[in-house]
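Q: Sharing a structure here in structure tokens format.
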Amino acid sequence: MENIYEQLIEYDLNPYFLFHSNGKIKSYNKEAEFLLNFVGVKELFDLAVSNATQDFGFSQKYISLKYNKQSYYAIVVGYINEEEIALRLYKVVSNKMNTINNNKLKMVNIFSLIDLSKTSTLLNSNLKIDELYDVSIPELKININDFLLCLNDCFNLFVDDKKITLQVHIKIGEYEIINNTKYKIVAIEFKTNRDIKIDNSLDEKAANANINIFTNKNKLRLELPIIL
């Protein structure tokens, strides 16, 4: 029978991994299993190795990490032999209720806003865009000004690229809870042939527009609720 310490790890809100020295996972808890939906084993193993101490022991580091909607503010890495290494990530937890001021929202065609942003920001760019649009997406309520400020910055990231793919679609089986109401999600995804880096100002503009923003190597994704 498992002891209480093993149970505490299993049901901890923070993900825990134990890796073999060859990079394979030896054990993990429930929160870690959920995290593996968004990040690969190799990336987590590399994170552990690159932050480990030179000698046997444990190290604590405050480091900002984000995998999909999961954000973390610190990690602990430790090893007591050469066969295995442990990694624990500390999750950012917020009690803030997800709300939107409906008075600032206007019903609009999202593709019209995308075209407007694209035209204004890429006026002097030779960027070619392969567009994959789900035209069944209905008009939805958006804070137009904040949305365009965010979207303009996104397009500006690619002004010097030769080609990108832009996909707009409804996420299947995923919802956002806002004002205690469940909404479907529309995703706007940019894909290029290089790694994408964003700064804090874009994060802030996305938050002001009630948009969740994610990067994963050569992809940038915006997600917003379909409020009708």
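Q: Which residue, of ASP153, ASP160, ASP146, is surrounded by fewer than 17 Cβ atoms within 10 Å (Cβ to Cβ) and either assigned by TED's automatic domain parsing to the domain that holds ASN200 or of a type outside the set (Val, Ile, Thr) (or both)? Outline the logic, then answer.
A: Values: ASP153 fails: surrounded by fewer than 17 Cβ atoms within 10 Å (Cβ to Cβ); ASP146 fails: surrounded by fewer than 17 Cβ atoms within 10 Å (Cβ to Cβ).
Just one listed residue meets the conditions, ASP160.
Q: So, one more: Taking the condition in the same structural domain as ILE137 (by TED's automatic domain parsing), modelled with pLDDT of 90 or more, within 14 Å of LEU222 (Cβ to Cβ) and outside any strand (DSSP E or B), does ILE196 pass?
A: Working: in the same structural domain as ILE137 (by TED's automatic domain parsing): yes; modelled with pLDDT of 90 or more: yes; within 14 Å of LEU222 (Cβ to Cβ): yes; outside any strand (DSSP E or B): yes.
Yes.
Q: I've got another one for you. So which residues in region 113-146 are within 24 Å of SER201 (Cβ to Cβ), free of Cβ contacts under 8 Å to residues at least 60 places away in the same chain and in contact with a helix residue (DSSP H, G or I) (Cβ under 8 Å, 6 or more places away or on another chain), if there are any at all?
A: LEU113, LEU116, SER117, LYS118, SER120, THR121, LEU122, ILE129, ILE144
Q: If I ask for residues that are of a type in the set (Phe, Trp, Tyr) and not in a strand (DSSP E or B), which ones from region 44-85 would you list? Don't jump to the end; show me each part of the working.
A: Within region 44-85, the first condition is being of a type in the set (Phe, Trp, Tyr), and the residues that meet it are 45, 56, 58, 62, 67, 72-73, 79.
Within region 44-85, PHE45, PHE56 meet the criteria.
Q: For region 17-34, what are the residues that are charged (D, E, K, R), without any contact (Cβ under 8 Å) to a residue 60 or more places away in the chain and part of a helix (DSSP H, G or I)? Working first, answer last.
A: Initial filter on region 17-34 (charged (D, E, K, R)): 24, 26, 30-31, 33.
So of that shortlist, the ones also without any contact (Cβ under 8 Å) to a residue 60 or more places away in the chain come out as 24, 26, 30, 33.
Selection gives LYS30, GLU33.
Q: Exactly one of (1) out of contact with any Lys or Arg (no Cβ under 8 Å at 6 or more places or on another chain); (2) over 24 Å from ASN103 (Cα atoms); (3) of a type outside the set (D, E, K, R) is unmet by ASN208. Its number?
A: Condition (2) is where ASN208 drops out.
The values are calculated or read from the model by the stated rules, or taken from the named source; none is laboratory data. Here the structure is a predicted model, which means the values were calculated and not measured. For neighbour counting, all protein chains shown are included, and Cβ atoms are generated from backbone atoms with ideal geometry for every residue, glycine included.
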